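Structure first, commentary second.
Just so it is clear, none of the values below were taken in a lab; they were calculated from the coordinates. On a predicted model such as this, the values are computed, not experimentally measured, just so you know. When we count neighbours, we look across all protein chains shown, and the Cβ atoms used for this are built from the backbone with ideal geometry, even at glycine.
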Amino acid sequence: MKITQKAEIIPGTVGEGLAQRGVTRREFLQYCSTLAALLALPPAMAGAMAEAISKARRQSVIWLSFQECTGCTESITRSHSPTLENLIFDLISLDYHHTLQAASGEAAEQARMQAMKDNDGKYLLIVDGSIPLGNPGYSCIAGISNLDMLVETAKGAAAIVAVGTCAAFGGLPMADPNPTGAVSVGDIIKDKPIINVPGCPPIPVVMTGVLAHFLTFGGLPEMDALGRPKSFYGETIHDRCYRRPFYDQGKFAQSFDDEAARKGWCLFKLGCKGPVTYNACATTKWNDGTSFPIQSGHGCIGCSEPNFWDAGSFYQALSMPVTATPSMLAGAAAVGAAAGVAITWHNRSTKAAAKAVHEKVTVQDLTREVK
Amino acid sequence: MTHLDLLTFARGSALNWALIIFVIGIVLRLFEIFGLSRKADLATPRTHSPGSGWRTMLARSIPPPGMLKRDPVTYIGGYVFHLGLLFAIFFFAPHIEFFRSMTGLHWPNLPTALVDASVVAAMVALGMLLAHRLNNPVKRMLSGFGDYLAWTVTLLPLLTGYMAYHHLLFEYTLMLSLHLFSVELLLVVLPFSKLFHTFSVFISRWYNGDIFGRKGVAS
């Protein structure tokens, strides 16, 4: 059954766009069912989602890229055509995006200004990359500093989606010693609803899922304390990892190519940060559900957590100290020994002094006592 | 400060300082104890008792005849607690990784479920021992602040470790940080409290066994 055959088509809506592209209602409902499941919504919500999305106007989206590596864009564009993720691009009007838009220079900036004007208070602002506060010259677009562009564009936004760990938490640019003075979107914008979709990069379907939620409900999904949607970031990778039973059995790979690694045993000892990383990698996976880092033999590096870059080596187990070394302990033992010698010397001196002043009781003393 | 930042601090600077204080404290106190020294005993030993000190180290780990029946809570609780703690500290895979990183030594680990059970047993034993301490008039009279402090700082790492593993009360990262802080508290308190018996117990048993052997008292 095609949308064009039965569903009511309202001009200028997403439904019209889908109909023009020949997307069937069955396909669209299947897509909405998948999204509903990913967002942890009841199955019955799929129909409501389909209804809401198809009647919605194409959402104007402005995508700003600051101090970033374009990995987030790479991720969202590598959703597999013609998979359902691509439909999201039919649901939104991507009015500004450096990498994806055809326009450049003044024309590109004009597109942004026009979108801001036409959709004032309604457009969705997506940001990837951190914002340098150290010097505006560290990162500019068309001569406009990242900070100015963010503040200007955020003013008329209905909501902001901070895509990637750099935009959400500062990410790699903010890693010690943070040479550019990088901060996250949330550190600057305080008066708009912000949803963080961290990851380096985030999973494509997580980004599209959040957009679909916004289109369906006109608001942001339930979030955790770090502003991440709970439906995707509600559980740790460790708790949903297919290798978890090996952790419980105490079976661990000792190196990346030993027999245990080939058997798929737990990668905890090789530095996996899955136990403290909240993300959906173990469930939604990557590359059209093909795999995720742990499945391909490498431990999780915890990229969706704030300051993961400064949280110790990627290849040291979580229970290992970040900076303590055996030589540090040896130094402490030497200090303890020196202090012990000093105290022993003091104790013996005290003992010797007491002995020196000690007067033995004599017979005369006893005699006097008797008197 | 996010929970991961807190964990990084717990695994970083906080752990460094706790370890430094712990190692300095242990070495210092051992020097202090051995440095006290005794005058050489010039008297002829009353009985010929070679190995008396070594025997006592073992003998005092076994209840004297009749004592197990007379005070089962103290003995059984003591055994269960100490063995549970031993398994939890030395046979949980993440803990072995810690020891390996600090000493280069490592050994096989137990399945996590067994370690979990040993932690539960140790905590139950600690609870029973505390109840016994409070209910027994003699024990209560003998107990002071140091005893309750030792009990608390020993329980906390077990409790927080158990809660972190089972995702109780707080989310895992925060609970794991609290677990590390509780371990660091234990490391700092241990050298300067009754918990120093971890290092001195066998030294003092050997000394007592040896000196009593010389004086003709059976070990």
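Computed quantities for the displayed model
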read-out: Environment charge at A:Leu133 (Cβ cut-off 14 Å; Lys +1, Arg +1, Asp -1, Glu -1); value: -2
read-out: Highest-fluctuation residue, B:Ala125, B:Ala88, B:Ala59 considered, GNM on chain B with Cα pairs under 10 Å; value: B:Ala59
read-out: Candidates B:Lys69, B:Lys39, B:Lys139, ranked by Gaussian network fluctuation over chain B, Cα under 10 Å, top entry; value: B:Lys39
read-out: Point-to-point label distance, A:Asp176-A:Asp191, nm (Cα→Cβ direction, 7 Å offset); value: 3.7 nm
read-out: Efficiency of FRET between A:Ala342 and A:Asp257 - r from beta-carbon atoms, R0 35 angstrom, step 0.05; value: 0.10
read-out: Reduced Cα scattering model of chain A, Debye log10 I(q)/I(0), q = 0.09, 0.10, 0.11, 0.14 Å⁻¹; value: -0.61, -0.72, -0.84, -1.20
read-out: Rounded to whole Hz, the Karplus (6.51, -1.76, 1.60) HN-Hα couplings of region A:266-280, x for glycine and proline; value: 4, 9, 3, 5, 8, x, 4, 9, x, x, 10, 10, 9, 6, 9
read-out: Helix A:25-38 vs. chain A, principal-axis angle (Cα, 0 to 90°, nearest 10); value: 10 degrees
read-out: Least to most buried among A:Ile62, B:Ile21, A:Ile188 (fewest other Cβ within 10 Å first); value: A:Ile188, B:Ile21, A:Ile62
read-out: Inter-label distance for A:Tyr315 and A:Ala334, nm, one decimal - labels placed 7 Å from Cα along Cα-to-Cβ; value: 2.8 nm
read-out: Label point 7 Å beyond Cα of B:Ser143 along Cβ direction - residues of region B:54-97 with amide nitrogen under 18 Å; value: B:71-82
read-out: Net charge contributed by nearby residues that have their C-beta within less than 12 Å of B:Pro45 (K/R +1, D/E -1); value: +1
read-out: Theoretical FRET efficiency, 1/(1+(r/R0)^6), r = Cβ-Cβ of B:Val201 and A:His298, R0 45 Å, to 0.05; value: 0.50
read-out: J(HN,Hα) series, region A:148-159, from Karplus relation 6.51 cos²θ - 1.76 cosθ + 1.60, nearest Hz, glycine and proline x; value: 4, 5, 5, 4, 5, 6, 5, 3, x, 7, 6, 7
read-out: Karplus (6.51, -1.76, 1.60) ³J(HN,Hα), θ = phi - 60°, over region A:212-227, in Hz, Gly and Pro reported as x; value: 5, 4, 5, 5, 6, 9, x, x, 9, x, 5, 10, 8, 5, 9, x
read-out: For chain B, built as a Gaussian network whose Cα springs stay under 10 Å, the top-fluctuating residue of B:Phe99, B:Phe87, B:Phe196; value: B:Phe99
read-out: Nearest-ten-degree value, helix A:105-118 long axis tilted from longest Cα axis of chain A; value: 80 degrees
read-out: Inter-probe distance in nm under a simple model that places probes 7 Å from Cα toward Cβ, at A:His358 and B:Tyr79; value: 4.5 nm
read-out: Fewest-first ranking of A:Thr284, A:Thr277, using other Cβ atoms within 10 Å as the exposure measure; value: A:Thr284, A:Thr277
read-out: Of all DSSP beta bridges in the protein assembly as shown, antiparallel share, percent nearest 5; value: 35 percent
read-out: FRET efficiency estimate (nearest 0.05) - Cβ-Cβ, A:Asp248 to B:Leu169, R0 25 angstrom; value: 0.75
read-out: Under 15 Å, Cβ to Cβ, from B:Val138 - net charge with Lys/Arg +1 and Asp/Glu -1; value: +2
read-out: Inter-centroid distance (Cα atoms) of region A:167-210 relative to region A:99-116, Å; value: 23 Å
read-out: Cα gyration tensor, chain B - rounded (a/c under 1.5), prolate or oblate; value: prolate
read-out: Where a label projected 7 Å from the Cα of A:Glu74 along Cα→Cβ would reach, residues of region A:164-188 with amide N under 20 Å; value: A:164-175
read-out: Lys, Arg +1 and Asp, Glu -1 on Cβ, resulting dipole of region A:237-310 about Cα centre, debye, nearest 20; value: 200 debye
read-out: Across the protein assembly as shown: Cys residues that no other cysteine approaches within a C-beta distance under 4.7 Å; value: A:Cys32, A:Cys69, A:Cys72, A:Cys140, A:Cys166, A:Cys241, A:Cys266, A:Cys272, A:Cys281, A:Cys300
